[in-house]
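Derivation of every value follows stated rules applied to the coordinates shown; laboratory data play no part. Remember, predicted model here, so these are calculated numbers, not experimental data. Positions of Cβ are generated from backbone atoms using ideal geometry, with glycine treated the same way; all protein chains shown enter the neighbour counts.
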Amino acid sequence: MPPPNHSNKPTLAQWIFDTRSWYAEATRTKDLETHAARALSLVPASITKQVLNYFHVRDAKMALGSDLLKRYAISKLTHTPWQRITFTRDSHTKPVYVDPATGRQPVSFNISHQAGIVAIVAVANFPSPTSRTDQDEDAGEETPPAQVGVDVVCTSERRDRDQEMIAKDGWPTFVDMHADVLSPGEVSYLKHRVLAAVPELVAPPPPPPTAEAINDGKLRAFYALWALREAYVKLTGEALLAEWLKELEFPAVRPTNPTPGWGVPAWEEGGEVLRDVEILFKGRKVEDVNMSLRSMGQDYMIATAVRTPGRPEEGLGWTLGPYEMLSLEEVLRFAEASR
């Protein structure tokens with residue numbers, strides 16, 4: 001992953017916050033008014049209000065982390081003073097930063113948060129495109145300078161609920177509940193072929209795998225597919241209500257293997273990183289999107305998508321490596337120094 005730089009050269013950045021350990025003393029959301037006062041002083045009053053409006057403190061911390069991470073990316077990559085950063089929303093309601101001096105978006109970014117983890121992927125200083133894609137034409141939108149998407153999933157966050165649902169109604173019913181946002185091929189693959197295609201999802205006997213172990217394997221494949229689809233859809237600027245969702249397909253997805261621990265880097269040779277991601281749109285292979293799926297610990301996977309319209313070779317040439325872990329303290333210090 002190319003590091004941020006001070007030139008006008010296109011730059012890719014990938015950063016992560018782990019908010020799970022933030023403000024351990026705050027057992028209720030309103031406790032953040034005191035314990036997170038320093039961080040809240042660095043975001044607009046409207047954001048503070050939104051953060052404190054969450055019922056669960058874990059969700060409030062992710063909302064705070066999301067806003068801090070967006071501001072950090074803009075300030076770090078464009079050298080804009082922290083207090084001058086304001087966000088607007090595009091026609092898809094995605095947050096964007098428009099440079100008031102140029103009227104352009106100097107940074108294309110996307111953010112995802114799940115189970116305490118907040119991730120951002122950003123591309124800075126990429127020139128305006130000269131070509132359009134099928135999805136752009138369908139949407140009737142001007143193509144942004146670069147397109148990026150990220151999605152974090154956690155296989156254990158809803159495990160009890162998922163296992164209970166599958167035990168009660170069966171795996172095909174679980175898949176059918178999400179069929180509206182999957183392609184017919186993906187639905188068929190998940191229902192009937194995933195374990196045969198990826199036998200390592202279930203540990204070999206002895207002893208024979210339990211029903212829960214088999215379902216855990218299927219769920220890992222489901223969430224891997226979900227992350228890839230979500231990252232791609234977010235790259236296009238749309239959401240899971242896009243009319244073309246069923247025409248997008250990730251054939252025979254192989255989920256990445258867990259890493260031994262959260263802080264242990266993913267090993268590509270061990271199947272903990274997937275780069276050769278096949279994408280079909282309207283039956284044709286998509287060849288201008290760079291995607292990866294990466295494991296983080298036993299339960300988390302993160303999908304990243306980058307496209308550079310007009311210069312596809314640029315985005316395809318970037319290595320979507322590990323995300324850089326940021327501490328809350330270093331971001332707060334950066335913000336205070338750049339005000």
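Compute the Cα gyration tensor for the chain, then decide on rounded, prolate or oblate, letting a ≥ b ≥ c be the square roots of its eigenvalues: rounded whenever a/c is under 1.5, prolate when a/b is larger than b/c in the other cases, and oblate in all that remain. Judged from the Cα gyration tensor, the chain comes out oblate (a/c at least 1.5, b/c at or above a/b). Extension gain, Arg161 to Asp31: 0.36 nm times the residue separation minus the Cα-Cα distance gives 43.9 nm. Straight-line cross-link partners of Lys61 among the lysines, defined as a Cα under 17 Å from its Cα and at least 8 positions apart when in the same chain: Lys30, Lys49, Lys70. Charged side chains reduced to their Cβ positions (Lys and Arg at +1, Asp and Glu at -1) give the chain a dipole of some 800 debye around its Cα centre.
FRET efficiency for Gln50 and Val264, Cβ-Cβ distance as r, R0 = 41 Å, nearest 0.05? The formula returns an efficiency of 0.75 here. Highest mobility in the GNM of the chain, judged by mean-square fluctuation with C-alpha springs under 10 Å and restricted to Pro100, Pro251, Pro206, is found for Pro206.
If the label point is 7 Å along Cα→Cβ of Asn125, which residues in the stretch 48-86 have backbone nitrogen under 12 Å from it? Residues 77-79 qualify, since their backbone N sits under 12 Å from the label point. Springs join every pair of Cα atoms under 10 Å in this Gaussian network model of the chain, and among Pro322, Pro205, Pro95 the largest mean-square fluctuation is at Pro205. Taking a point 7 Å from the Cα of Met177 along the Cα-to-Cβ direction, the residues of the stretch 187-229 with backbone N closer than 18 Å to it are 187-188, 190-192, 212-227.
At a 10 Å Cβ-Cβ cut-off, how would you order Glu330, Glu33, Glu249, fewest neighbours first? Write out the running numbers ahead of the final one.
Details: Glu330 10, Glu33 13, Glu249 23.
Fewest-to-most ranking of Glu330, Glu33, Glu249: Glu330, Glu33, Glu249.
Taking Gly270, Gly217, Gly237 in turn, the Gaussian network model of the chain (Cα-Cα springs below 10 Å) assigns the largest fluctuation to Gly270. Sequence-distant contacts, meaning Cα pairs under 8 Å at least 6 residues apart, place the relative contact order of the stretch 147-307 at 31 percent.
How much length is gained if the chain between Ala211 and Ser41 is pulled fully straight, taking 0.36 nm per residue apart and subtracting their Cα-Cα distance, in nm to one decimal? Let's see the in-between values first.
On the way: separation 170, 0.36 × 170 = 61.20 nm, distance 4.97 nm.
Length gained, Ala211 through Ser41: 56.2 nm.
Modelled label positions at Arg275 and Ala239, each set 7 Å beyond Cα in the direction of Cβ, lie 3.4 nm from each other. Note on Thr155, Thr210: ascending count of other Cβ atoms within 10 Å places them as Thr210, Thr155, the fewest first. Return a whole-number percent for the relative contact order of the chain, with Cα pairs under 8 Å and 6 or more residues apart as the contact set. Relative contact order comes out at 20 percent. Straight Cα distances below 18 angstrom link Lys76 to the lysines Lys9, with same-chain residues fewer than 8 positions distant left out.
A Förster radius of 22 Å, combined with the Cβ-Cβ distance separating Arg84 from Met325, puts the computed FRET efficiency at roughly 0.25. For the stretch 37-109, chymotrypsin sites (Phe, Trp or Tyr not before Pro) meeting the loop criterion (DSSP other than H, G, I, E, B) and having at most 16 other Cβ atoms within 10 Å: Tyr54, Phe55, Phe87.
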